[in-house]
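Have a look at the structure below, then the notes.
Values in this text are rule-based calculations from the coordinates and carry no lab data. Small disclaimer: the values here were computed from a predicted structure and weren't measured. Counting neighbours? That spans all protein chains shown, and the Cβs are built from the backbone with ideal geometry, glycine included.
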């Protein structure tokens, strides 16, 4: 789990602030692609948005560590990790 720069998300009829990114691998073929599940939550860990994100090509080749994965996911989602 990573703290992110707050982003506004439309959720059930009102704007909410997501402050936390959570992610984990749901599939990695160990050759050329991986799929991550991600979720964006508020300070109370209420789920505001979620989805799957596929990493492949040069992104997959450069993905070697957990930090690399966090950076790829946050870049793809246009999020800024704070901590």
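Listing for the model above:
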| read-out | value |
| --- | --- |
| Gaussian network model of the chain, springs between alpha carbon atoms under 10 Å - residue of 19, 65, 41 with greatest fluctuation | 65 |
| Hydrodynamic radius (Kirkwood) for the chain, which is based on Cα pairs only, to one decimal in Å | 13.2 |
| Residue with peak Gaussian network fluctuation, the chain [Cα springs, cutoff 10 Å], from 53, 30, 72 | 30 |
| Tilt relative to the chain, helix 66-76 - C-alpha long axis, 0 to 90 degrees, to 10 | 60 |
| Value of Rg to Rh for the range 1-44 (Rh from inverse mean 1/r over Cα pairs, i.e. Kirkwood) | 1.14 |
| Label-point separation, residue 27 to residue 43 (7 Å along Cα→Cβ), nm | 3.8 |
| The chain: calculated mean residue ellipticity at 222 nm from DSSP helix runs of at least 4, using -39500 (n - 2.57) | -5000 deg cm²/dmol |
| Relative contact order, percent, the chain [alpha-carbon distance under 8 Å, six or more residues apart] | 28 |
